[in-house]
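See structure below.
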Amino acid sequence: MLLVYPTLYVINIQYCLLVISASYYILGSKSGFRYAIAAILPLLTGILFNDFLKQSIPSTMINVNYTAYGITVLINFALILYIHHLFFKSLTKFKKRELLFKKNLEQAAANLREQAMAKTNFLNSMSHEIRTPLNAIVGMSNLLLSGSRSAEQDENLQILNFSAENLMATVNDIVDFSSLDNEKIQLHKKPFRLYQTIKNVFATFEEEATSKLLNFDLLIDEKLKNKLVIGDELRLSQILFHLIGNAIKFTKHGFVNVGVTCSEEPIDKTVIKFKIDDSGIGISEEMQQQLMDPFKKKLQRSQRQYQTTLGMTIASLLLKLHGSQLEINSRESKGSCFSFDIIYTATEMQEKSIPVSLFPLDANLSELRLLAVDDERLNLLVVKKILAKWGVVADEAVNGKVALEMCIKKDYDVVLMDINMPIMDGFEASRAIKDINKKDFTPPWIIALTASVGSSIEEVIQFPTIDDCILKPFRPEELRYKLSQLNDKMAN
């Protein structure tokens, strides 16, 4: 450039570079840009007039001191080099700090994940520890309720049983929320009868609604009667249990109505619209906003009077898994309306739906050969007392190893297997029992009777040598139903 434009001097170029560099580094991008333009504008003007317009600008000739000129050129070059050296040094230091910050951030994220996992494991462990004594409490209260008693004893036992089941529901809610918060729950899509599922959930609350003298109605689209839908029946039941149970709990008088309708749009899909109305105490706008983050709720003296529970939060999170959301229309003292949509793939039933009924409660189970396995003596006592009511005399084993030895010596139809046991746990014991090699041996039906929760219960359900699962504390009717099913199969 200096060869083409002889009117440009080295020192002018240096000054321009110094001004541009210094203005940007000192003043920043916007102010530095304006200052740099103003500084180099005279030089650009001179180039324009002298070289392009061929117009000379009057000036006075200056005698140059070449020694000073040379020193100035050297100093300017040194300044330019130093400024850019500092810039790239700072840039390198910034990149190192950025890498260090990123590494620290990743480490912090890993620590948070470990803390979240530790919290989940702690909740699961505590839940297991709480379930074990609760199993004995619920079991004994059910046994006492089934026997003869005075009116005062009956009232006390009802209170005991109700409190134990509510405590169990709270434990379940905490574990479910923890699993959802850590994204450990996934939907399992299988065909199921939506109509029958909704009817079953509704029937569960009829007695409670009747005892409170509430008008409890279900309006369900008849088009759903002959449809199978593909989805997660368990999670839908949980959503309905939480919302309907919550509505009945906070409605002292009036009504609770459940409505279910369907539409065939979009094509090949069925949109199921659910609506739960009640005349209860309602939810304030502030509490509605806090619904999705219960950890941010402020503790208030009147907090428990509002219609908000952890169950609603769980229902809302489960709906998010379905790609839906919970709509709330509520005012304090004016009742509430909860609504949501779920899209299912639906198919028509090929044959008439036959509702599944419970096996008769008077079925003879006395011929069943049963082994109860549990490391807690109290749990074994409760199970044996419940079974004795049905005429079943059960053997007992205090761990998996003892159970295996007993199954080698004697044939059993059913093994009620605890999972978390010393010496040999339920998984190892069930696998070993199924692999017993002796003449004319028929492997027993193994039912896991476990207090495991969260991801652990999923592992139990999917374990190949475990045939069925009941969660502690269990209802005697549930165990009797499963034993009746097995007894009926053996009879046929």
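The values are calculated or read from the model by the stated rules, or taken from the named source; none is laboratory data. What you see is a predicted model, and the numbers here were worked out from it, not measured in a lab. Counting neighbours? That spans all protein chains shown, and the Cβs are built from the backbone with ideal geometry, glycine included.
Within the set of pairs 6 or more residues apart or between chains, which connect a residue that is within 16 Å of Gly259 (Cβ to Cβ) inside segment 204-230 to a residue that is in a helix (DSSP H, G or I) and not aliphatic (A, V, I, L, M) with Cβ atoms less than 6 Å apart?
Cβ pairs passing all conditions: Leu218/Phe202; Leu224/Tyr195; Lys225/Tyr195.
Counting only residues that are within 24 Å of Pro133 (Cβ to Cβ) and modelled with pLDDT of 70 or more, which one in segment 444-457 is surrounded by the fewest Cβ atoms within 10 Å (Cβ to Cβ)?
Filtering segment 444-457 down to residues within 24 Å of Pro133 (Cβ to Cβ) leaves 447-457.
Imposing the further condition that a residue be modelled with pLDDT of 70 or more reduces the set to 447-451.
Working: Ile447: 21, Ala448: 25, Leu449: 25, Thr450: 24, Ala451: 25.
Taking the candidates together, the pick is Ile447.
So which strands (runs of 3 or more DSSP E) are wholly in segment 328-406 and hold at least 1 residues that are at pLDDT 80 or above, farther than 30 Å from Ile272 by Cβ and not hydrophobic (A, V, I, L, M, F, W, C)? Full working, then the answer.
Working: elements: 335-348, 370-373, 394-397.
Here the list reads 394-397.
Of the residues in segment 463-477, how many are within 16 Å of Glu428 (Cα to Cα) and in contact (Cβ under 8 Å) with a residue 40 or more places away in the chain?
Result for segment 463-477: 1.
Among strands (runs of 3 or more DSSP E) lying entirely in segment 203-278, which contain 2 or more residues that are out of contact with any Ser or Thr (no Cβ under 9 Å at 6 or more places or on another chain) and more than 22 Å from Leu310 (Cα to Cα)?
Numbers: elements: 215-220, 227-231, 255-263, 270-278.
It comes to 215-220, 255-263.
Being among the hydrophobic types (A, V, I, L, M, F, W, C) and either in a helix (DSSP H, G or I) or modelled with pLDDT of 75 or more (or both) is true for just one of Ile174, Ile185. Which residue is that? Even if it seems obvious, please write down each step before you answer.
Numbers: Ile185 fails: either in a helix (DSSP H, G or I) or modelled with pLDDT of 75 or more (or both).
On inspection, the qualifying residue turns out to be Ile174.
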